[in-house]
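Colleague: Just dropping this structure here.
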Amino acid sequence: MSDIGFEPPAVAADLAADDNEFREYVRHALGKVVLPSAETWEGHGRIETEGWRGLGELGLLALGHTGDEFMRSAIFLEELGRTGYAGVRAAIAVHAYMAPSYLEMFGTAEQKAEYLPDVRLGRRVWALAITEPDAGSDLRHLKTRADDLGPAGYKVNGQKYYVANGSQADYVVTLVKTRPAPVGRALTGASILLIDAGSPGVSRCSQPMMGWRSADLCSLRFIDVLVPANRLLGRLDRALVQIVQALDFERLVAGLLAVGGISYCLELLHAFIREHQVMDSPLDANQALRHQVAELDCDFQLVRQYAYHAARLQSRGRLDSRTASILKLKATELAVTAAQKCVQYHGARGYLKGSAPARLYCDAMGSTIAGGASELMREMIYQAW
Amino acid sequence: MDEIRYTEESLFLYRQINSTSAPYPSQSSIKQLFERCAEDFGDKVAVSYRDAKVSYRELNRRANKLAVGLRRAGVNPGSAVGIYMNREIGLIVALIAIAKCGAVYLPFDSSWPEERLQGIFDDAECEYLLVNGPEDLASRFPRCQVIQFDQITAGAAEANPPNLATAEEIAYINFTSGTTGRPKGVAIQHRSIARLVSSSSYARLDDRVVLLNLSPLTFDAATFEIWGALLNGGTCVLYPSAAIRLSELRQVLQEQGVTVLFLTTALFNAIVDEAPETLASVPCILTGGERCSESHVARALEYYGAGRMVHVYGPTECTTFATFHPVGPASLTQGTLPIGRPIQNTRLYLVSDGSLCRPGEAGEILIAGPGLSPGYLGSPQSSHEKFVDYDIGGVRERVYRTGDYGYLLDNGDLMFQGRVDDQVKISGFRIELAEVSLAIDRHPGVRQSYVTVGEAAAGERTLLAFVTFNDDELTAKSLRDYLRLHLPGYMVPSRVYVCARLPLQANGKVDREALLSAYHGAGDASMTR
């Protein structure tokens, strides 16, 4: 399986954040596959085919979504975040977690047998298409439509925005309307279809962002795209129920990734203020600065513990919307604060285009928007109180 | 500028259909786009021919060297370079090198009549002919400088030359047969090629695409087949023989892993008839160029399944493709196959008597968008007639009048009916040739058909049908008897010629002239069986 010197350790009965052996394996694997290529991927705006294959061969795309196995996923996601590239981590998480979660949760045994092996080996890239030009945080104005052709399947027309892995995706998990619904209740009568992105009628346009460069964000347009009947994931017209469950999982994943991102940012900041000399003293000779970094570290430790608490809930099948939203909100907003400090204390060299602090800042701003904006998270947390 | 009349309802429908704009490199020449691919995909296979595979880096290097040689030979930015080369890697190198010179490639076939060729060269002001064959073109065309591809002194420079052409300039010229008998040179800008192959909606064109170049360069499907791969980082596979054999085609498709293939209607029909397994390995099959055969599409759908075939339509003047329709089980519910919706960055209108047609109303198909040619070479009158500025809903729109007509379905899909020229009047009756063909094709014993107008002995116009049968019992007489049950008498062809096969032109379309001279011209009634 692995050619990085050692195999991933067997799953222990009681996995937790301190599964150091597995964490070590993941760090080595990411150091071999991701870190040497990340800058190239950022430049090209996507993860290269070899990257997907490499991750797949090392078993990093096949970690569990549920049960004890999910604790390994939590470690992997944190370590993936610690590579310091939010575009890379978003692309991988969408491929291995967010998009196939609909298959894992709602797919039939035949569908899982057909598609999961290629996902896990990185042979086919997956994407998730929910957002539309007029339907983002508020999905009531969903317009992408799938006409029922009976046994022949569906014909899809519409447009999706901000689809990670959009240019290279082989399959796109897509939210569509399958039944006319009352105005303002578009998710009544919506379904999830697995669309072959190579189908005639699918076109894609890059939507480059200020950060998340490797995430390969694209808009996808569907014109008379034919989708076989056996590509319906879950029950027809019942996407509303599915989406709620899948979005909780997505926010948990986003929170774990952000935790890793903060960790990287703080390590970078810490190293810099210890080494960089101002007026013949290292920056961290300044007490005000030390205290600010200590504050960040405190918040980080709390968020990280909360992240593993949420991961444990997921592994026991008890993740709730409130927990997932709190984690996503606090982790991604802390990442913005940390990145802002990181740029500030690096001075002009941190504001330099292409520098790591500048990248972290641009990346962090995307995380409070994607997968449910902070404002929506606050609303959901309040509603669930 | 004429104003097209419309109702708010119809304007809304066209705006929906025409909502096709997608980002594409509108300011880049094909030289720049190719060089970007060479940089991004240096080690990837750009061209594959038989056992040879050439990477982007190497292809770019060879083209850079050849471009220096061409410049030394006198080829300047804007020069038209006639190109007649065998399909091999050198042909692709030459096309890129010409683009790097900022020059214009002009595909021709030396077998075309002398007068036609000289007219083409004159219209295009073509001073250079780039060839790789032994033919003595220098004595046939003394006004042109013949450059032998193999003998050209390539330059040592391997770096990309400066950009000598902008996106607005002409990249190539295709000659189409004109209704006046004089071929018309259709000039195509760099931008139009970028529009065809970028953000494509009709087929997936990206760095994983493997496209087969089956069409001769003189046929504009080659634009799609070559640049669709090379401007996206994909692979262009060159078909290894001049003539197509289905067994070889199948082998090439399989071994080279072709992902997208374009076939003319006639060739597609022949494959469905004779060896449908030929296309078994191809995920995306585009077909078009002539009116489709309902029975072939139905059989293909059964064999290949939904979502793999795409019906495409487009005149040369709009750069290869203008509309597309993914073929599915519901595609034939209207009796014939739709030509669908406009491809990316393309708009269409149907106009009859100066008004936008509503669904169900027949009208001439007008195409707009950056795929449009700037006009015909040396033919301002034709350009003025065919490329027209209209005011449509308060927006100035430059359209190409295709001379084809069709109608829209309620869902916005375009149905093709035929050429305006194919609406013939015989004995005072207006006859739609496509409608006659459709009736013939519906007979289960008919494999393929071609309907046209010829002259009867007394010089009158008469309806002729050329058919191939898959039923030995069927005769021309029994087919005519069948048609009498389904068509009014004036629409039943006066002659039905039974052919072993329908001859094709080099571009894969049915060769009308060959049919007329072989059958009708001979006046041999026995062939009608």
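The values are calculated or read from the model by the stated rules, or taken from the named source; none is laboratory data. All values derive from a computational prediction rather than experimental measurement. Methodologically, a virtual Cβ is constructed for each residue, glycine included, from the backbone with ideal geometry; neighbour enumeration extends over all protein chains shown. Accessible surface is based on the protein model in full, side chains and every heavy atom, while ligands, DNA and RNA are left aside. Shrake-Rupley method; radii C 1.70, N 1.55, O 1.52, S 1.80 Å.
Colleague: Right, B:Ser383: closer than 22 Å to B:Ala124 by Cβ and of a type in the set (Ser, Thr, Tyr) or not?
Modeller: The answer is yes for B:Ser383.
Colleague: Restricting attention to region B:298-312, does a residue exist that is under 23 Å from B:Pro370 (Cβ atoms), touching a Pro at 6+ places or on another chain (Cβ under 9 Å) and crowded, with 22+ Cβ neighbours inside 10 Å?
Modeller: Restricting attention to region B:298-312, the residues satisfying the condition of being under 23 Å from B:Pro370 (Cβ atoms) are B:310-312.
Within this subset, residues satisfying the condition of being touching a Pro at 6+ places or on another chain (Cβ under 9 Å) are B:310-311.
In the following step, the residues that additionally are crowded, with 22+ Cβ neighbours inside 10 Å were identified as B:310-311.
Yes, region B:298-312 contains at least one residue that is under 23 Å from B:Pro370 (Cβ atoms), touching a Pro at 6+ places or on another chain (Cβ under 9 Å) and crowded, with 22+ Cβ neighbours inside 10 Å.
Colleague: Just to verify a result, which residue in region B:274-294, among those that are closer than 22 Å to B:Glu435 by Cα and surrounded by fewer than 22 Cβ atoms within 10 Å (Cβ to Cβ), is nearest to the other protein chains (Cβ to nearest Cβ)?
Modeller: Applying the filter and picking the extreme gives B:Glu294.
Colleague: Something else: Could you check B:Gly335 against (1) touching a residue at least 60 places away in the same chain (Cβ under 8 Å); (2) closer than 27 Å to B:Ile244 by Cβ; (3) away from every other protein chain (no Cβ under 14 Å) and say which number it fails?
Modeller: Status for B:Gly335: all satisfied but (2).
Colleague: Can you say whether B:Ala38 is open to solvent by less than 20 Å² (accessible area, probe 1.4 Å) and of a type in the set (Gly, Ala, Ser), as far as the supplied structure shows?
Modeller: On the way: open to solvent by less than 20 Å² (accessible area, probe 1.4 Å): yes; of a type in the set (Gly, Ala, Ser): yes.
So B:Ala38 fits the description; yes.
Colleague: Condition test on B:Leu129, is it of a type in the set (A, V, I, L, M) and part of a helix (DSSP H, G or I)? Please lay out each step first, then the result.
Modeller: Working: of a type in the set (A, V, I, L, M): yes; part of a helix (DSSP H, G or I): no.
When the stated conditions are applied, B:Leu129 does not pass them.
Colleague: Out of B:Arg116, B:Arg208, report the one residue that is free of Cβ contacts under 8 Å to residues at least 60 places away in the same chain, over 16 Å from B:Thr223 (Cα atoms) and of a type in the set (Lys, Arg).
Modeller: B:Arg208
Colleague: Name the pairs whose Cβ atoms lie under 6 Å apart, with the first residue in region B:318-332 and at the interface with chain A (Cβ under 10 Å from one of its Cβ atoms), the second buried (at least 24 other Cβ atoms within 10 Å of the Cβ) and outside any strand (DSSP E or B), and 6 or more positions between them or separate chains?
Modeller: Hits for this filter: B:Phe324/B:Tyr202; B:Phe324/B:Ile343; B:Pro326/A:Pro200; B:Pro326/A:Gly201; B:Ser331/B:Leu337.
Colleague: Considering each residue of region B:3-34, count those that are open to solvent by 20 Å² or more (accessible area, probe 1.4 Å), assigned to a helix (DSSP H, G or I) and more than 13 Å from chain A (Cβ to nearest Cβ), and give that number.
Modeller: So the count comes out to 6.
Colleague: In this structure, does A:Pro117 turn out to be over 26 Å from B:Ala22 (Cα atoms), assigned to a helix (DSSP H, G or I), open to solvent by 30 Å² or more (accessible area, probe 1.4 Å) and within 14 Å of another protein chain (Cβ to nearest Cβ)?
Modeller: no
Colleague: Collect the residues in region B:311-340 that are assigned to a strand (DSSP E or B) and more than 22 Å from B:Glu435 (Cα to Cα), keeping them in residue-number order.
Modeller: B:Pro326
Colleague: Which one of the conditions (1) within 14 Å of another protein chain (Cβ to nearest Cβ); (2) touching a Gly at 6+ places or on another chain (Cβ under 6 Å); (3) not β-branched (Val, Ile, Thr) does B:Arg308 fail to meet, given that it meets all the rest?
Modeller: Tallying (1) within 14 Å of another protein chain (Cβ to nearest Cβ); (2) touching a Gly at 6+ places or on another chain (Cβ under 6 Å); (3) not β-branched (Val, Ile, Thr), B:Arg308 fails exactly one: (2).
Colleague: Would you mind finding the one in B:Gly394, B:Gly369 that is farther than 29 Å from B:Ala300 by Cβ and in contact with a Pro (Cβ under 9 Å, 6 or more places away or on another chain)?
Modeller: Working: B:Gly394 fails: in contact with a Pro (Cβ under 9 Å, 6 or more places away or on another chain).
Result of the check over B:Gly394, B:Gly369: B:Gly369.
Colleague: When you look at B:Asp51, is it more than 30 Å from B:Val351 (Cα to Cα) and without any contact (Cβ under 8 Å) to a residue 12 or more places away in the chain, yes or no?
Modeller: So B:Asp51 fits the description; yes.
Colleague: Tell me, which residue of region B:184-207 that is more than 13 Å from every other protein chain (Cβ to nearest Cβ) and open to solvent by 10 Å² or more (accessible area, probe 1.4 Å) is modelled with the lowest pLDDT?
Modeller: For region B:184-207, the residue satisfying everything is B:Lys184.
Colleague: Which residue is surrounded by the most Cβ atoms within 10 Å (Cβ to Cβ), if the candidates are limited to region A:187-206 and must be within 13 Å of chain B (Cβ to nearest Cβ) and touching a Gly at 6+ places or on another chain (Cβ under 8 Å)?
Modeller: A:Pro200
Colleague: Need pairs with beta-carbon distance below 6 Å; first residue open to solvent by 20 Å² or more (accessible area, probe 1.4 Å) and within region B:233-259, second in a loop (DSSP other than H, G, I, E, B) and small (Gly, Ala, Ser); sequence gap 6+ or separate chains.
Modeller: B:Leu246/B:Ala275; B:Gln254/B:Ser281
Colleague: Here's something else I'd like to know. Restricting to region B:41-53, what's the tally of residues that are open to solvent by less than 50 Å² (accessible area, probe 1.4 Å) and touching a Gly at 6+ places or on another chain (Cβ under 8 Å)?
Modeller: Going through region B:41-53 one residue at a time, the tally reaches 1.
Colleague: A further question follows. Hey, can you tell me all the residues within region A:223-272 that are touching a strand residue (DSSP E or B) at 6+ places or on another chain (Cβ under 6 Å) and free of Cβ contacts under 8 Å to residues at least 12 places away in the same chain?
Modeller: none
Colleague: Taking the condition of being farther than 26 Å from B:Gly234 by Cβ, in a helix (DSSP H, G or I) and among the small types (Gly, Ala, Ser), how many residues in region B:53-91 meet it?
Modeller: Final tally of qualifying residues: 1.
Colleague: Right, something else. Check whether at least one residue in region A:215-235 is buried (at least 24 other Cβ atoms within 10 Å of the Cβ), in contact with an Asp or Glu (Cβ under 9 Å, 6 or more places away or on another chain) and more than 10 Å from chain B (Cβ to nearest Cβ), and report yes or no.
Modeller: no
Colleague: Here are B:Tyr490, B:Tyr497: which of them is free of Cβ contacts under 8 Å to residues at least 60 places away in the same chain and farther than 22 Å from B:Ala300 by Cα? First the steps, then the outcome.
Modeller: Numbers: B:Tyr490 fails: free of Cβ contacts under 8 Å to residues at least 60 places away in the same chain.
Residue meeting the stated conditions: B:Tyr497.
Colleague: Still on this model: State whether one or more residues within region A:251-262 are in a helix (DSSP H, G or I) and open to solvent by 70 Å² or more (accessible area, probe 1.4 Å).
Modeller: No, every residue in region A:251-262 fails to be in a helix (DSSP H, G or I) and open to solvent by 70 Å² or more (accessible area, probe 1.4 Å).
Colleague: In addition: How do the strands (runs of 3 or more DSSP E) wholly within region B:438-507 filter down when requiring 3 or more residues that are farther than 26 Å from B:Phe219 by Cβ: which remain?
Modeller: Fully inside region B:438-507 and qualifying: B:461-469, B:495-498.
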